[in-house]
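This report concerns only the one structure given below.
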There are 2 protein chains.
Amino acid sequence: MNESGEDRFIARYFRPLARHPGAFGLLDDAAVLAPPQGHDLVLTTDPIICGVHFFADDPPDAVGRKALRVNLSDLAAKGAAPAGFLLALAVPQDIDPAWVEGFASGLGADAERYGCPLLGGDTDCTPGPITIAVTAFGTLPRGRMVSRNGAKVGDHVLVTGTIGDAALGLDLRRSPENAGRWRLNAEQAEHLKSRYLLPQPRNALAHAVREHASAAMDISDGLAGDLGKLCRASGVRAEIEARRVPVSGAVAAVLAAEPARLETVLTGGDDYELLCTVGEGEIAPLRNAAESAGVSITEIGRVTATGREAVILDVAGRPMSFPRPSFSHL
Amino acid sequence: MNESGEDRFIARYFRPLARHPGAFGLLDDAAVLAPPQGHDLVLTTDPIICGVHFFADDPPDAVGRKALRVNLSDLAAKGAAPAGFLLALAVPQDIDPAWVEGFASGLGADAERYGCPLLGGDTDCTPGPITIAVTAFGTLPRGRMVSRNGAKVGDHVLVTGTIGDAALGLDLRRSPENAGRWRLNAEQAEHLKSRYLLPQPRNALAHAVREHASAAMDISDGLAGDLGKLCRASGVRAEIEARRVPVSGAVAAVLAAEPARLETVLTGGDDYELLCTVGEGEIAPLRNAAESAGVSITEIGRVTATGREAVILDVAGRPMSFPRPSFSHL
């Protein structure tokens, strides 16, 4: 009885990524993990599907990175340090070995970079699109997970990085001719597309978020809708100003050419930036930590009252409304 | 900003299943879990895909149960007690709400039955088949996971339940006319099909496996191939006798009508029975525990030497060979 094709596939592409002792070299059905004493494990799963979350012709290396990064972003938002992940990979029977090799290479590089080793998983064939379900684990001191429900009236609302790049990058992937309409130079167009291709999770800020934020989440379905979710979980009303939302030069160029694209920026999703609420006294230390980590962070508004909604004010101070405030699969 | 369709979908179908405090009512991006002091978490993921692991016309209630049970079976084999699970569900945009309701109902019933609550997860739309990735967590005393690599020369090889029912049940689903060829009565045909539709994970035996087995795994890809995996992980050679492999009355009827189907029985997979190796002195207490748990357990052979292979002997004592000893997706 020899090794099956599946055994060889796992051994060739994924065993090199499984150096954690709890992974048993991927020779077992299961993995073992224990948080340090006095710590919790934070659990999150965020699958990506070809044709939904990435393109069939995306470089497989980038797909491997994205599969892990969208989950690392959740850990960062919760204030957790990465501890490892499981991978459930479903691929067509006739998958190109070069694709798998590229995928495993990108995944392994980011597992190393973010200190998040492969612990185990499963491989299947599917008659459908490539589907990659990473389940990631993080650790933090017991009871210290930063939830969505801690925002308090008077808190400030902050976001990391810039908003809207990935949503416009996705638009450019689908409609390359928009680059001309928006008068983007090659570098700007590349910037937007790369932000869709490869999220930049803010794990460098996870510890500071845990120390200083009252509530946090990562922005994956659009700033407007995700802030709404945070408000509903916290029972508060937040008001943010569209003009304060940080945008890149490329996004600013798009908005100059087509102001209506502000809606895409605010509701389009795939930002993988952190959205958090912060009490008055915690802003300065959070800013300092962000500066040390090399991550920009911008105040965009306040938690104004109890309630269940997020309001985005336009330049004239009027509430904006969107037919579809956040990306929703269903 | 109102709740999205996805938010309502989750609230309606899955929030009722998420009663563990670490699930935060599914209002957060992540869940929290901590094993009791001095315990490890065992992690496992085993997705099921429509058209691969279940049929589109299977009752959705059974699909929900199967999605969890194939993972519970892994926990049982490792000697772990269920602690909870994450669910990554990908469904077509036009999914029938009645399907989701049935799925959630079966899933919730088994989560309750096996003491394995929903902790969190993710919902996506897919252009492909329904894909359900459960990641399950179990607990056990630190360092006590039963791995595949502990089999020792002289150990006895045992399996729970009966082997081959599910593989023949799958065959009957695909080729209903075989029921006539095999002269099965309605009850026998139903037995085989039900064993494919709905695995019976042996979690009642998890504690005994941990106490008494030197190595264990659940049989999901076929007895022959899975025993081969255990042998390679342990560096041993095992010899089992085909005539000792426990079969149900329905499987015995099939084998009487078509003896060549022994190959399906031994290599077909989807058994979700436990395969374990047990030292001489541990057999009696394991048998007692199995009897108390109401799970049958049968000795089928021995670990005979160091090596890397499993040998199945036919009635004449000759090694059998199979072109495809285990189910393999790749």
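The values are calculated or read from the model by the stated rules, or taken from the named source; none is laboratory data. The structure presented is a predicted model; accordingly, all values stated were derived computationally and were not measured. Quick reminder, even Gly has a Cβ in these numbers, built from the backbone with ideal geometry, and neighbours come from all protein chains shown. SASA here: full protein model, heavy atoms, side chains in, ligands and nucleic acids out. Shrake-Rupley method; radii C 1.70, N 1.55, O 1.52, S 1.80 Å.
Look at B:Asp171 and say whether it is at pLDDT below 95 and either touching a strand residue (DSSP E or B) at 6+ places or on another chain (Cβ under 9 Å) or open to solvent by 10 Å² or more (accessible area, probe 1.4 Å) (or both). Spell out how you get there, then give the answer.
Values: at pLDDT below 95: no; either touching a strand residue (DSSP E or B) at 6+ places or on another chain (Cβ under 9 Å) or open to solvent by 10 Å² or more (accessible area, probe 1.4 Å) (or both): yes.
Criteria not met by B:Asp171.
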Given (1) part of a helix (DSSP H, G or I); (2) open to solvent by 30 Å² or more (accessible area, probe 1.4 Å), index of the condition A:Gln200 fails: (1)
Subset of segment B:128-142 [more than 8 Å from every other protein chain (Cβ to nearest Cβ) and among the hydroxyl-bearing types (Ser, Thr, Tyr)]: B:Thr139
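Could you tell me which of the residues A:Thr139, A:Thr160 is among the hydroxyl-bearing types (Ser, Thr, Tyr), crowded, with 24+ Cβ neighbours inside 10 Å and under 20 Å from the mean Cα position of the chain (by Cα)?
On the way: A:Thr139 fails: crowded, with 24+ Cβ neighbours inside 10 Å.
Answer to the check: A:Thr160.
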Flag if B:Ile48 is more than 26 Å from the chain's Cα centre (by Cα), of a type in the set (A, V, I, L, M) and more than 8 Å from chain A (Cβ to nearest Cβ): no
Qualifying residues in segment A:9-23 (those that are more than 15 Å from A:Ala83 (Cβ to Cβ) and either of a type in the set (Lys, Arg) or at the interface with chain B (Cβ under 7 Å from one of its Cβ atoms) (or both)) - the one nearest to the chain's Cα centre (by Cα): A:Arg15
Which listed residue, of A:Pro21, A:Pro47, is in contact with a strand residue (DSSP E or B) (Cβ under 9 Å, 6 or more places away or on another chain) and either surrounded by fewer than 22 Cβ atoms within 10 Å (Cβ to Cβ) or over 19 Å from A:Leu89 (Cα atoms) (or both): A:Pro21
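Would you check if there is a residue in segment B:217-236 being free of Cβ contacts under 8 Å to residues at least 24 places away in the same chain and either part of a loop (DSSP other than H, G, I, E, B) or in contact with a helix residue (DSSP H, G or I) (Cβ under 8 Å, 6 or more places away or on another chain) (or both)?
Within segment B:217-236, none of the residues are free of Cβ contacts under 8 Å to residues at least 24 places away in the same chain and either part of a loop (DSSP other than H, G, I, E, B) or in contact with a helix residue (DSSP H, G or I) (Cβ under 8 Å, 6 or more places away or on another chain) (or both).
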Scan of segment B:30-53 for residues that are in contact (Cβ under 8 Å) with a residue 60 or more places away in the chain and either assigned to a loop (DSSP other than H, G, I, E, B) or not hydrophobic (A, V, I, L, M, F, W, C) (or both), ordered by number: B:Ala30, B:Pro35, B:Pro36, B:Gly38, B:His39, B:Asp40, B:Thr44, B:Thr45, B:Asp46, B:Pro47, B:Gly51, B:Val52
Matching residues in segment B:92-127 - criterion: being crowded, with 23+ Cβ neighbours inside 10 Å and either within 13 Å of chain A (Cβ to nearest Cβ) or assigned to a strand (DSSP E or B) (or both): B:Leu118, B:Leu119, B:Gly120, B:Gly121, B:Asp122, B:Thr126
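Applying the selection to segment B:61-83, what residues are touching a Ser or Thr at 6+ places or on another chain (Cβ under 8 Å) and surrounded by fewer than 22 Cβ atoms within 10 Å (Cβ to Cβ)? Spell out how you get there, then give the answer.
First, pick out the residues of segment B:61-83 that are touching a Ser or Thr at 6+ places or on another chain (Cβ under 8 Å): B:61, B:64, B:70-71, B:73-75, B:78, B:80-81, B:83.
Passing the criteria: B:Asp61, B:Ala81.
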Single match in B:Leu86, B:Leu26 (criterion: open to solvent by 10 Å² or more (accessible area, probe 1.4 Å), within 12 Å of another protein chain (Cβ to nearest Cβ) and closer than 30 Å to A:Gly235 by Cα): B:Leu26
